[in-house]
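Before any comments, here is the structure.
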Amino acid sequence: MSVYETPDYEVLLKENPFEIRRYSDFLMVEYENEEDPLSNNGFGTLFRYISNDNEEKKRISMTIPVIEEMTDKKRKMAFVIPKKHWEHAPKPNDPNLSIKSFDSGSFAVIRYSGLSNRQKEQKKLEHLVEWVDQKGYRRVSNAMLAFYNSPFALPMVRRNEIMVKVEAY
């Protein structure tokens, strides 16, 4: 069992390695920087925020997963804000960070292990899109990567996912 808080969800359909999940609303702090379109500095900036680089100088617990929204030209990275801070999430000091709501909904997910890279992510996303289409769903968001482990975790124990918000046709 993980020692880190994760967003709440219910599994509606499971066909390994795929799932349809119903997520509840949650808050996240998101890194977006036009001068850093691939979010190379995202993790460090987000980590400084939870370490105390916020207006209240408050330490915030690490959560999982780390989420990256993917588009053709850029990526945005986000940390989930723990539930106990939802009523009053500390305002970020860094102008590239903002507090955002992750709205509830159904998400198609593919789970995979090992190291993640652009080529592997593209292949997994293609498999997910094919499965979503076969199940009669329509994609209504950009794809998102979800990383559950430290960068120091051994590849065979890593949990990675790609998810996309879906609606039934």
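The values are calculated or read from the model by the stated rules, or taken from the named source; none is laboratory data. Predicted, not measured: the structure shown is a model, and the values here were computed from it. Here the Cβ positions follow ideal geometry from the backbone for every residue, glycine too, while neighbour counts run over all protein chains shown.
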*Read through the list (1) assigned to a helix (DSSP H, G or I); (2) surrounded by 11 or more Cβ atoms within 10 Å (Cβ to Cβ), then give the number of the only condition that residue 156 fails.*
(2)
_Kindly evaluate residue 67 against the criterion of being within 29 Å of residue 3 (Cα to Cα) and in contact with a Pro (Cβ under 8 Å, 6 or more places away or on another chain)._
no
*From the set of residues in the range 84-99 that are touching a Leu at 6+ places or on another chain (Cβ under 8 Å) and surrounded by 15 or more Cβ atoms within 10 Å (Cβ to Cβ), which is nearest to residue 5 (Cα to Cα)?*
85
_the range 27-51: number of residues that are touching a helix residue (DSSP H, G or I) at 6+ places or on another chain (Cβ under 8 Å) and within 14 Å of residue 82 (Cβ to Cβ)_ = 2
*Looking at (1) polar (S, T, N, Q); (2) in the same structural domain as residue 124 (by TED's automatic domain parsing); (3) within 27 Å of residue 135 (Cβ to Cβ); (4) at pLDDT below 95, find the lone condition where residue 6 falls short.*
(4)
*Specify the residue that is farthest from residue 85 (Cα to Cα); the eligible residues are those in the range 1-22 that are surrounded by 16 or more Cβ atoms within 10 Å (Cβ to Cβ) and of a type outside the set (D, E, K, R).*
18
*How many residues, within the range 23-39, are surrounded by fewer than 16 Cβ atoms within 10 Å (Cβ to Cβ) and within 15 Å of residue 78 (Cβ to Cβ)?*
2
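Residues checked against (1) among the hydrophobic types (A, V, I, L, M, F, W, C); (2) within 23 Å of residue 29 (Cβ to Cβ):
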position	(1), (2)
101	no, yes
105	no, yes
116	no, yes
134	no, no
139	no, no
143	yes, yes
146	yes, yes
154	yes, no
162	yes, yes
*Search result, residues across the range 110-144 that are in contact with an Asp or Glu (Cβ under 9 Å, 6 or more places away or on another chain) and either closer than 20 Å to residue 22 by Cβ or surrounded by fewer than 11 Cβ atoms within 10 Å (Cβ to Cβ) (or both)*: 110, 111, 131, 135, 137, 138, 139, 140, 141, 142, 143, 144
*Tell me, which strands (runs of 3 or more DSSP E) wholly within the range 1-113 include 3 or more residues that are in contact (Cβ under 8 Å) with a residue 24 or more places away in the chain and of a type in the set (A, V, I, L, M, F, W, C)?*
26-31, 66-70, 75-80, 97-102, 105-112
*asked:* Could you list, ordered by first residue, the pairs with Cβ atoms under 8 Å in which the first is in the range 124-138 and part of a loop (DSSP other than H, G, I, E, B) and the second is modelled with pLDDT of 95 or more, at least 6 apart or interchain?
replied: 135/13; 135/20; 135/108
